[in-house]
4 protein chains.
Amino acid sequence: MKDKLRRKLHQAFFEHSTPTGKAFDIFLMIMILTSITIVMLDSMPSLHVKHKHTFHSFEWFFTILFTIEYLLRASLAKRPMRFVFSFLGIVDLLAIMPTYFTLFLPGTQPLLVLRALRLLRIFRIFRLSHFLVDIKFLTSALTSSFRKISIFFLFALVVVIIMATVMYLVEKPEDGFTSIPKCIYWSVTTITTVGYGDIVPKTPMGMVIANILMMIGFAIIAVPTGIITTEMAIAIKSRDTNHEICRSCKKKGHDHDAIFCKHCGAKFEAEEEELLE
Amino acid sequence: MKDKLRRKLHQAFFEHSTPTGKAFDIFLMIMILTSITIVMLDSMPSLHVKHKHTFHSFEWFFTILFTIEYLLRASLAKRPMRFVFSFLGIVDLLAIMPTYFTLFLPGTQPLLVLRALRLLRIFRIFRLSHFLVDIKFLTSALTSSFRKISIFFLFALVVVIIMATVMYLVEKPEDGFTSIPKCIYWSVTTITTVGYGDIVPKTPMGMVIANILMMIGFAIIAVPTGIITTEMAIAIKSRDTNHEICRSCKKKGHDHDAIFCKHCGAKFEAEEEELLE
Amino acid sequence: MKDKLRRKLHQAFFEHSTPTGKAFDIFLMIMILTSITIVMLDSMPSLHVKHKHTFHSFEWFFTILFTIEYLLRASLAKRPMRFVFSFLGIVDLLAIMPTYFTLFLPGTQPLLVLRALRLLRIFRIFRLSHFLVDIKFLTSALTSSFRKISIFFLFALVVVIIMATVMYLVEKPEDGFTSIPKCIYWSVTTITTVGYGDIVPKTPMGMVIANILMMIGFAIIAVPTGIITTEMAIAIKSRDTNHEICRSCKKKGHDHDAIFCKHCGAKFEAEEEELLE
Amino acid sequence: MKDKLRRKLHQAFFEHSTPTGKAFDIFLMIMILTSITIVMLDSMPSLHVKHKHTFHSFEWFFTILFTIEYLLRASLAKRPMRFVFSFLGIVDLLAIMPTYFTLFLPGTQPLLVLRALRLLRIFRIFRLSHFLVDIKFLTSALTSSFRKISIFFLFALVVVIIMATVMYLVEKPEDGFTSIPKCIYWSVTTITTVGYGDIVPKTPMGMVIANILMMIGFAIIAVPTGIITTEMAIAIKSRDTNHEICRSCKKKGHDHDAIFCKHCGAKFEAEEEELLE
């Protein structure tokens, strides 16, 4: 009896392709979404005044629910410590901590939106589908772009600092350009083409500099885009040519989205486990 | 005589390459554009006061015209029910409903702009041209990008929710950051580089967070662009290599923009019918 | 003597690779830039009051200079009528007309900035350089993208019209959403991520719709970018494989930036003439 | 003894792969970052009033430190004059000059942020890593895009000038469209999708023109992106095929990120020296 419960729980928590696992995953997603919605509604002054206590009860309900889930998940894992210090383990802990904190420190409820990070668990529901291939593709393209993009960002940063200082010297403090850090805030707002308009140049010289910064921003957006596009093209090419080796029969030539080895029928799950457990 | 009218009507409604069909398509486009213009002009207070009754008459004129067209189209279709529940059939119905609704519910006239959806019929005029090839190309590139872009959007959503909550804690409600949902509105406005400037950070900490969000937005715009560009490159490659098979003579090797089979002269219309009927 | 002057003039106007031609082209550019600058300075109220008459004299000076140039260019051209109705011929005429108009219609001086179009002549200075190859490359990529981008724009337009009407129904006229055309102005401002902030949503529902429109804008910018990038990639590939045929010796295999045929030494100028004369 | 010091100094300044060189590079980065931070904090009115003298002392401390570094670097270089007139040599000089200027001209301290340019030295720390390959890649892609992008910018400039003038004629000066140069500032703000909202169209005609400009901006951003992406794709292809020749053994076939010749073991440093010295 107890053994059966244990098996069911293991299915619910770790076997995402079984009906029990799928049902549990969907239930969990709904709980997470509802709990985030409650936190958001509670932050609205008009609703807070009226439904304060209802929201409070819901928050504790979800916290206790997620605490039980966290403890079960940790105790059922093969290596509990590995789970606790894994990315998803830390996220699960962060999702329940703020409510306990409110016992000592009021005002930390909004931190409960950290539960939004738990939405990333949604990929577990689709783990056996093509989503995993796409996540791997995006991750590989972004990591190989990282170095080039960071070079690009350093250059952009130097441009931003220098242009901000020029504006600090050119424009008057009364118009919002009160200090270099504030001018940097304005520079970033302008170069990224956001353009709030809370601080705008008033002098002809300032307008010219602002326009130059805008054109730099308009042109350099092409650089990260170009980097990521070419890296994605490379990732697709290598995906199409370098097929992986089956761990069981050591044979090659599998399609990039194969779930089972076409030679020996072994399941390709090892990697996914590492990625999403 | 009656038979001749019926044949003419069939040409007008379904045979877009005949002179009658072309003339009718162009007439229809002009009617749709005029009716949308009338709805827009009617929404302008100054014109509404003056020409209220003229606009009203026009709206009923177009509604009755489109109703007749709808009924004729449905009765002339091979399978009327299939037309009624097709995309364009529903659009055609939506384009006439609001006027009838105004008999019971005043204030629904603006919904008549749903007629704008009928503008998509414009592609029927060009159906035998290269436009169809391009629509198929764009559609295939976008559908194969869909999964990757939705992963990207989920990550972006989690970033937006967390940054919005941080801003809710950092900034004061007096400056517009009154609740988490409103902060999410601000976050989306900032990350998409729209930057209305109706809500702007006032504290140094808030400015730093805003700048980080801007830079995230500026950098991640490269991700959907990269995805769609690579998918388009793949779609072009496969279009150039995998030629379709002629349904009549079963031979391959046709150019992707061929309208007639170069072996037996059969017309390649089957697919288009499905796409645009 | 007269014959020598005529030859010199022909060199100045049409032989851009001779020293006389180069000097004349540079002189012309400086004249055009100066005349545009004068028009701009004249539009500034503070300067207009002080230097009204000086600016006026300069405008007439440049107009007479460009008129002489226009008449000489037309009379020296092989086929004067062809020049008059060519793109650059019309631009040259537009650049002198507004000053003569001011004799009858005051207030048309600002139209003199149409002289800015004459700046496109700058490419003539570089005609023998690599610029021409690049212009041809950009033009071919953009024209072959045109159909796809117009499909994309039609879809975007339908989205803009419908979203604008929804906002017209959702938001109050007091907040700036006074009519459907004005809401379309707001929609375009939002979907293109410009975001002036002169009209902003005030209701929760309006904010949600605004955010959806922003995200659509943020995502669909990828579509024209993807189209143009892939067309450019195609243009480069075809440039590298389909070399042109020399008109003199009919041999192939020239590099895309070759100015002289490597087989017979003939100059490849015919095309350029057509493009820039 | 003196000889040992000299060797240590040479290691610190020029041998970035030795422990001494690495330690010195990191120390230098920290000094540069701290000195920039001081300049920024000093520009904030509230902090300036309180810590004026502390900041002043720090500025002089860093200036003297960087002066000593500059003199040592120049005297230790093989060809001192070449260093003084190199890009990094001029940057190093610019980084110390403003403090000395303040002795005669007050108010030039903010120019000390020119020290930000010294941050580009950070690449020296990574010189033996893959960063150099990436900088070379980005530089080559950008330089080969330069001509095409400048053509694009000239066309955009002509569009901006003409649209600005049309707005100057259409909108009233009271709404901010006071002169053509100011309208150009507005045009650039709009076409780059920054959209401050400090100057916005009020007339229906002005709104239509603004919307057209926005759509142009939204569409043409694709052009520089397409150019840079295709140039990057070309740069990657040529990087993969045209391997460089070793200067020692004249053999080919090295990977593009190789640091040592795989045939004779010679170090590939010549190029880096030129790029970063």
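The values are calculated or read from the model by the stated rules, or taken from the named source; none is laboratory data. In this text the structure is predicted, and so the values were computed from the model without any measurement. Here Cβ is always computed from backbone atoms with ideal geometry, including for glycine, and neighbour counts include all displayed protein chains. SASA here: full protein model, heavy atoms, side chains in, ligands and nucleic acids out. Shrake-Rupley method; radii C 1.70, N 1.55, O 1.52, S 1.80 Å.
One residue is enough: does the range C:120-128 have a residue meeting the conditions open to solvent by 30 Å² or more (accessible area, probe 1.4 Å) and more than 13 Å from chain D (Cβ to nearest Cβ)?
Yes, because at least one residue in the range C:120-128 is open to solvent by 30 Å² or more (accessible area, probe 1.4 Å) and more than 13 Å from chain D (Cβ to nearest Cβ).
Taking only the range D:157-181 into account, find how many residues are in contact with a Gly (Cβ under 7 Å, 6 or more places away or on another chain) and open to solvent by 30 Å² or more (accessible area, probe 1.4 Å).
Summing the residues that are in contact with a Gly (Cβ under 7 Å, 6 or more places away or on another chain) and open to solvent by 30 Å² or more (accessible area, probe 1.4 Å) in the range D:157-181 gives 1.
Output the number of residues of the range B:199-222 satisfying the condition of being in a loop (DSSP other than H, G, I, E, B) and not hydrophobic (A, V, I, L, M, F, W, C).
Counting residues in the range B:199-222 that are in a loop (DSSP other than H, G, I, E, B) and not hydrophobic (A, V, I, L, M, F, W, C) gives 3.
Going by the conditions given, is D:C246 crowded, with 19+ Cβ neighbours inside 10 Å, at pLDDT below 95 and outside any helix (DSSP H, G or I)?
Taking the combined requirement at face value, the residue satisfies it.
A:L72 fails exactly one of the following numbered conditions: (1) hydrophobic (A, V, I, L, M, F, W, C); (2) surrounded by fewer than 18 Cβ atoms within 10 Å (Cβ to Cβ); (3) under 29 Å from B:K172 (Cβ atoms). What is the number of that condition?
The single condition A:L72 does not satisfy is (3).
Which of the residues that make up the range A:205-231 are more than 7 Å from chain D (Cβ to nearest Cβ) and either surrounded by fewer than 22 Cβ atoms within 10 Å (Cβ to Cβ) or under 17 Å from A:L169 (Cβ atoms) (or both)?
A:M205, A:G206, A:V208, A:I209, A:A210, A:I212, A:L213, A:I216, A:I220
Identify the residue in the range D:139-148 that is under 19 Å from the mean Cα position of the chain (by Cα) and within 8 Å of another protein chain (Cβ to nearest Cβ) and, among all such residues, is surrounded by the most Cβ atoms within 10 Å (Cβ to Cβ).
Top of the filtered list is D:A141.
Within 14 Å of chain A (Cβ to nearest Cβ) and at pLDDT below 90: which single residue out of D:H56, D:H48 fits that description?
Of the residues listed, the single one that is within 14 Å of chain A (Cβ to nearest Cβ) and at pLDDT below 90 is D:H48.
Going by the conditions given, is C:I199 at the interface with another protein chain (Cβ under 8 Å from one of its Cβ atoms) and among the β-branched types (V, I, T)?
no
Here is a list: B:T34, B:T20. Which entry is in contact (Cβ under 8 Å) with a residue 24 or more places away in the chain and not aliphatic (A, V, I, L, M)?
When all the criteria are applied, what remains is B:T34.
Could you check the range C:103-113 and list, in sequence order, the residues that are in a loop (DSSP other than H, G, I, E, B) and surrounded by 15 or more Cβ atoms within 10 Å (Cβ to Cβ)?
C:T108
Suppose we keep only residues that are more than 23 Å from B:Q109 (Cα to Cα) and aliphatic (A, V, I, L, M) within the range C:165-196. Which one would you say is farthest from the other protein chains (Cβ to nearest Cβ)?
C:I191
Output the residues belonging to the range D:49-93 that are more than 17 Å from D:V113 (Cα to Cα) and acidic (D, E).
Passing the criteria: only D:E69.
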